[in-house]
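Participant: Here it is, the structure in full.
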Amino acid sequence: MAEEMRVGCGWDRHALMTGETLMIGGIEIPGELGCKGHSDADAALHAVIDALLGAAGRGDIGQYFPSTDSRWEGASSSGMLESTLEELAKEGFRPVNLDLVVMIEKIRLDPHREKILGRIGELLPSCSVNVKFKTGDGMGPVGRGEAVEARAVVLLRKS
Ligand code: MG
């Protein structure tokens, strides 16, 4: 039987505000700005989770971790990702490639690249991971510094 490969995309955006923690790819980014959300509001990992679910044909993050469910209040997005992977593994799906774009203005993520890659690598063992950091070039919610946005493309292999 031919090996089955599936691709999925994910997107997420969270508002930036003072006095909140900023989580990107499972890493806390120090500074004044952060995101408020039902979970730890890690837009990057949420985009990855949606890409994984999309590739597996399993809907979206809101179906598995609804904001109306108090179990996920303040939850770690790393834990949400792990539980998504366990769910997909039951059907034989395993991520082999991830390309992730994180867009944020003014906050430099480059110094945190190795930590972010390391953390995502721990969460997605044996998956090749690439991370890109972009700005909004002064335009849109990202460019005005109002939001952090993330896009992810994942390739799953089914065995
Ligand atoms: Mg989110």
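The values are calculated or read from the model by the stated rules, or taken from the named source; none is laboratory data. Just so we're clear, the structure is a prediction, and the values are computed from it rather than from any experiment. With ideal geometry, Cβ positions are generated from the backbone for all residues, glycine too; neighbour counts draw on all protein chains shown. When the accessible area is computed, the model is the full protein with side chains, heavy atoms only, and any ligands, DNA or RNA have been set aside. Shrake-Rupley method; radii C 1.70, N 1.55, O 1.52, S 1.80 Å.
Participant: Using only Cα positions of the chain, each an equal point scatterer, no hydration layer, compute I(q)/I(0) via Debye at q = 0.09, 0.15 Å⁻¹ and quote the log10 values to two decimals.
Facilitator: Reported log10 I(q)/I(0), two decimals: -0.27, -0.75.
Participant: Just add up the charged neighbours of Val96: K/R +1, D/E -1, any other residue whose Cβ is under 13 Å from the Cβ of Val96.
Facilitator: Numbers: positive: Arg6, Arg94, Arg157, Lys158; negative: Glu3, Glu4, Asp99.
Surrounding charge for Val96 is +1.
Participant: Let me ask another. Within 10 Å, Cβ to Cβ, of Ser76, how many net charges do the neighbouring residues add up to if Lys/Arg are +1 and Asp/Glu are -1?
Facilitator: -3
Participant: Work out the length of the dipole vector of the chain about its Cα centre, built from +1 on the beta-carbon of each Lys and Arg and -1 on the beta-carbon of each Asp and Glu, and round it to the nearest 20 debye.
Facilitator: On the way: 18 positive and 24 negative charges, 71 e Å.
The dipole magnitude comes to about 340 debye.
Participant: Can you count the Lys pairs in the range 13-144 with C-alpha separation below 30 Å, eight or more apart or on different chains?
Facilitator: Taking the Cα cut-off of 30 Å, the pair count is 10.
Participant: Can you tally the net charge around Ser126? Count Lys and Arg as +1, Asp and Glu as -1, for every other residue whose Cβ sits under 13 Å from the Cβ of Ser126. Intermediate values should be presented prior to the final figure.
Facilitator: Numbers: positive: Arg94, Arg157; negative: Glu122.
Residues close to Ser126 contribute a combined charge of +1.
Participant: Just the accessible area per residue of the chain, please: how many Å² with a 1.4 Å probe?
Facilitator: Details: 8050 Å² over 159 residues.
I get 51 Å² per residue for this part.
Participant: Kindly list the residues of the range 27-56 that lie in the label zone of Ser126, defined by a backbone N under 13 Å from the point 7 Å along the Cα-to-C-beta vector.
Facilitator: Backbone N within reach: none found.
Participant: Same structure, new question: Please report, as a whole percent, how much of the solvent-accessible surface of the chain comes from carbon and sulfur atoms (probe radius 1.4 Å). Spell out each step's value before the answer.
Facilitator: Working: 4060 of 8050 Å².
Here it works out to 50 percent.
Participant: Next question, about the same structure. Give me the distance in nm between label points sitting 7 Å out from Cα along the Cα-to-Cβ direction at Met17 and Thr68, one decimal.
Facilitator: 2.3 nm
Participant: Pairs of Cα atoms under 8 Å, at least six residues apart: use those to get the relative contact order of the chain, whole percent.
Facilitator: Relative contact order of the chain: 34 percent.
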